[in-house]
Amino acid sequence: MNNPVLTIVVPCYNEEEVLPDTIEQLDGLLEELMDDDLVSDKSKILFVDDGSRDRTWQLIYKQSLNNPQVRGLKLAKNAGHQNALLAGLTAAGKVSDCTVSIDADLQDDIAVIREFILKFREGYDIVYGVRRKRESDTFFKRSTAQGFYKLMKKMGVDLVYNHADFRLMSKCALEELQRYEETNLFLRGIVPLLGFKTANVYYDRKERLAGETKYPLKKMLAFSFEGITSFSVTPIRMVLALGIGSFIISLLFGLYFLGLRYFGETETGWTSLIASIWMLGGLQLTAIGLVGEYIGKIYKETKRRPKFSIEVDAFNLPISRHLIMDGDQDDELADIHFGTLSETN
Ligand code: UDP
Ligand code: MG
């Protein structure tokens, strides 16, 4: 089998403190993977500078001149982690058989990348790095993060539990990802929607190597809100349910208030007033919820998400890797396939 071309994509925002170490460690890892004949010698590390205001880009650029394995991409302004990652993956997808995305602070264990590659060579298209424990996090970060996963699940968003953006994606999976053209990008929610053969690899997450987190509480909250509102119409449904609920309650209360009135225990005018407040409130919420349902439909339509993702397309040769990997392991065919992918680079 020809060795796959790997690109490791690293989004960086004001990471000058940690970058020299990160470059050295990732470069060392890539060398090892090449020496062990697991990845092609055309493999690269792509650093995406997400509009940093410090010396991050200078460091990346200088390295790329001295080291052919290091490549850089500079965004004109800060676009946010998810967008920076997508920019890197898009650029890398064109020239690689597989990509691995990892944060610049190397909190994720880079040794696991070897396992990602082994899984890829077994025929998996998406390999998730999943954190075993969250001991390196503060109690606050741990509980808010776990609360977030639970909330997302309740809202009907399919996420891989305890997986951040540390994952391997094959060229086919990346091509499918390109078809999701939404502006509010939440990769962790989209990647599971792609389908494909997926595997989990478990690891322990470490402390940040240096520098400070680029996700303070404010950004974390914004990120969760983004995640929920770009994937779920459950909040709208809750308004509708609340409206219907209060309307039903208003009817029951109406009867009760009428009873009170009948037995003469209330002031004149009170019954009709309180009953209409409840009833109108309930009706208004129901109406808002109903309008929301339609807005929800519009919102789903405007995303123009693809309706299917193709895994094997034997109609257009070359034969997809899966035909070969899943069925009888025909090395010769596998060679042809990897050969074809790599030739386009
Ligand atoms: N990052 C980015 N753009 C931003 C914020 C963060 O590219 O606007 C990068 C950052 O450089 C890092 C990754 O996203 O490589 C994750 O950020 P961080 O490690 O600070 O988040 P945490 O691990 O604390 O959640
Ligand atoms: Mg981090």
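Nothing in this text is a laboratory measurement; each read-out follows from the coordinates by a stated rule. Since this is a predicted model, take the numbers as computed values, not measurements. All Cβ positions, even for glycine, are placed from backbone atoms using ideal geometry, and neighbour counts span all protein chains on display.
Sorted fewest first by neighbouring Cβ atoms within 10 angstrom, LEU252, LEU73 come out as LEU252, LEU73.
Legend: ranking of residues HIS163, HIS81 from fewest to most surrounding C-beta atoms inside 10 Å; resulting order HIS163, HIS81. Taking every full run of DSSP H in the chain, none both stretches at least 30 Å from end to end by Cα along its long axis and averages 1.6 or higher on the Kyte-Doolittle scale. Sorting LYS197, LYS133 by the number of Cβ atoms found within 10 Å of their own Cβ, with the fewest placed first, yields LYS133, LYS197.
With the helix formula -39500 (n - 2.57) applied to DSSP H stretches of n ≥ 4, the chain reaches a computed 222 nm mean residue ellipticity of -17000 deg cm²/dmol. Along the chain, the exposed loop sites are GluC sites (Glu not before Pro) outside DSSP states H, G, I, E and B with at most 14 other Cβ atoms within 10 Å, and the longest stretch free of them is 1-134. Note on ASN67 and PHE139: the extension gain reaches 21.9 nm, defined as 0.36 nm multiplied by sequence separation minus the Cα-Cα distance. Computed over the chain, the convex hull of the alpha-carbon atoms projects to a mean area of 23.1 nm². With the gyration tensor restricted to C-alpha atoms of the stretch 1-90, the semi-axes of the equivalent ellipsoid amount to 24, 14, 10 Å, longest first. Estimated at 0.36 nm per residue, the fully extended path between ARG261 and LEU280 surpasses their Cα-Cα distance by 4.8 nm.
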